[in-house]
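Before any comments, here is the structure.
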Amino acid sequence: MRRYSTDYATYQLIDISRKVTTVVTMTKTSSSSSQGSSGSQRIDFDALYRGESPGEGIAPTAKPPWDTGAPSESVVGWQTRGWVHGDVLDIGCGLGDNAIYLAEKGHTVTGLDISPTALTTAEQRARDAGVEVHFAVADSTKLEATPTRSTP
Ligand SMILES: C[S@@+](CC[C@H](N)C(=O)[O-])C[C@H]1O[C@@H](n2cnc3c(N)ncnc32)[C@H](O)[C@@H]1O
């Protein structure tokens, strides 16, 4: 029997310059079998958001477990304590509820996710909330950066 677990409740707040805050959703995914072997399994998040099986032996789900339709407690806590500064980059923004919440609080927010299907919903939720969030499909493990000259 294959067991599957996803630890999706861990967030990181990176605030290096007080000008940009990066919200990272850490998604630790693991699977194990009754034989006792364990290892990581690639999860197709777009399939998951489409309501299809995201990987071998993993049942489809009608709604991702993290889809509460509300910002996470930790993100609300950071905002309430004044720890979120300037523009926000939400990596792995999913259905956009954290990004939308921070945009409602006045931040300029960019949300990145590997799943186009998730971002279609995120865009709709942002429209419904009446806020502007820039969403873009991106694989955070393959982000490209343009080198800049270091300033003297
Ligand atoms: C556990 S969900 C959390 C979604 C959202 N941050 C929330 O709190 O509701 C993790 C998200 O990370 C996205 N993701 C996973 N791997 C990614 C990658 N390499 N690049 C960008 N997004 C990724 C998934 O599509 C999923 O939406």
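Restricted to segment 75-118, and to residues that are of a type in the set (S, T, Y) and in a loop (DSSP other than H, G, I, E, B), which residue is farthest from the chain's Cα centre (by Cα)?
Of everything passing the filter in segment 75-118, T108 is farthest from the chain's Cα centre (by Cα).
Condition check: within 30 Å of E52 (Cβ to Cβ) and either touching a Pro at 6+ places or on another chain (Cβ under 6 Å) or near the ligand (Cβ under 8 Å from one of its atoms) (or both). Does D90 satisfy that?
For D90, the condition - within 30 Å of E52 (Cβ to Cβ) and either touching a Pro at 6+ places or on another chain (Cβ under 6 Å) or near the ligand (Cβ under 8 Å from one of its atoms) (or both) - is met.
Tell me which residues, restricted to segment 128-148, are at pLDDT 95 or above, loosely packed, with under 10 Cβ neighbours inside 10 Å and either touching a strand residue (DSSP E or B) at 6+ places or on another chain (Cβ under 8 Å) or not in a loop (DSSP other than H, G, I, E, B) (or both).
Within segment 128-148, D128 is the sole residue that qualifies.
The values are calculated or read from the model by the stated rules, or taken from the named source; none is laboratory data. Just so it is clear, the model here is predicted, and its values are computed rather than measured. A quick note on method: Cβ atoms are made from the backbone with ideal geometry, for glycine too, and the neighbour counts reach across all protein chains shown.
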